[in-house]
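This report concerns only the one structure given below.
The values are calculated or read from the model by the stated rules, or taken from the named source; none is laboratory data. What you are looking at is a predicted structure, and each value in this text was computed from that prediction instead of being measured. Using ideal geometry, Cβ is built from the backbone for each residue, glycine included, and neighbour counts are taken over all protein chains shown. For accessibility, only protein heavy atoms count, side chains too; no ligands or nucleic acids. Shrake-Rupley method; radii C 1.70, N 1.55, O 1.52, S 1.80 Å.
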Amino acid sequence: MSSALVPSGLVDALRKARRVAILTGAGISAESGIPTFRDALTGLWARFNPEELATPEAFQRDPKLVWEWYAHRRELVERVEPNAAHRALVTMEQHVPKLTLITQNVDGLHQRAGSQNVLELHGNLARVRCFHENTVIPSWEDTGEVPPRCPDCGGPLRPDVVWFGENLPADAFEKAVEAAAQCDLFFSIGTSGVVEPAASLTRLARQMGATVALINLDVEPRDVPPLYQIHGKAGTILPELVQ
Ligand code: BV8
């Protein structure tokens, strides 16, 4: 059933869709209390530009600062819960024959909400890996050093996220490209579409003839298929869409 928030054409497209692909960004976690990348980070980190901290060069220049930035974000993520938008995508996944959830977020909230088929294009800040060997390190001795040392090679540990200038995990991105190219219906939810190559997935879906729906706070409303632009909060719109 359509509502004032969701165009009836999009409700129909979702009902008929065989394959749905979804790209999410920081905006879908905003209502859980996690600042988006583009918002000035609050408090201690407000003076840093994320794009300057989220790089291998920043880590090599000041590993302690970068490690502590991620430790701060990890603690924040541990304190918050998935929101109604994350939960609505779990409901959608249960009713669509094939749904691929591609996220740029590193907060793990889609998995905590219960989404099963999640592709993490930019890693996950709950995981840690060796800076030299790139192996994921499940646990390490807390010697008080910041960043902690790799138990295998003694080098520094780093968050298991993709920094600017680093390649995306090839398997995840290949699957994301395949899902975007083959879907009937593509959602871009809570992303400014600035960061590549993630942003290219929305363009690919459109080029391949999918119906595309953008859900964001900074889009002009549009409901002319095959492109829908829905202005508003993901936590309000998505539950309406899947009800
Ligand atoms: C790559 C993990 C190949 C870390 C992230 C020069 C040299 C090298 C590369 C480049 C270069 N120039 C450009 C590039 C490409 C670069 C890039 O895209 N740069 C940008 C700045 C232009 N990309 C890369 O480097 C990628 N790798 O290209 O490899 C390569 C390799 C070597 C050399 C050349 C090429 C790697 C990119 C991954 C970076 N890592 N995250 C961490 O998190 O710390 S990206 C990070 O920023 C996030 O993961 C996310 O992807 C991105 C933030 O974007 P959004 O999620 O969209 O968030 P944003 O705040 O921007 O927007 C939020 C939106 O939500 C807003 O529109 C808002 O209106 C909306 N919103 C808010 N609230 C709500 C809402 N909507 C709905 N409801 C709400 N309630």
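Projected label points at HIS95 and GLU220, each 7 Å from Cα along the beta carbon direction, are separated by 3.1 nanometres. For the chain, adding -39500 (n - 2.57) for each run of n ≥ 4 DSSP H residues and dividing by the number of residues yields -9500 deg cm²/dmol at 222 nm. Close amide H pairs (under 5 Å, H built 1.01 Å from N) link GLY193 with no residue at least 5 positions away or on another chain. Amide H contacts of ASP160 (H built 1.01 Å from N, in plane; Pro and chain starts excluded): ASN124, ARG127, VAL128, ARG129 sit under 5 Å, all sequence-distant by 5 or more or on other chains.
Ranked by the mean number of other Cβ atoms within 10 Å of their residues, highest first, the peptides 57-67, 180-190 come out as 180-190, 57-67.
Counting only residues at least eight positions apart within a chain, or on another chain, the lysines with an alpha carbon under 22 Å from that of LYS16 are LYS98. Scalar couplings 3J(HN,Hα) for the range 20-26, obtained by applying the Karplus form with A = 6.51, B = -1.76, C = 1.60 to θ = phi - 60°, are 10, 10, 10, 10, 10, x, 4 Hz; x denotes Gly and Pro.
Think of a 1.4 Å ball rolled over the protein heavy atoms: the range 18-98 then has 50 Å² of accessible area per residue. Solvent-accessible area assigned to carbon and sulfur over the chain amounts to 51 percent, based on a 1.4 Å probe.
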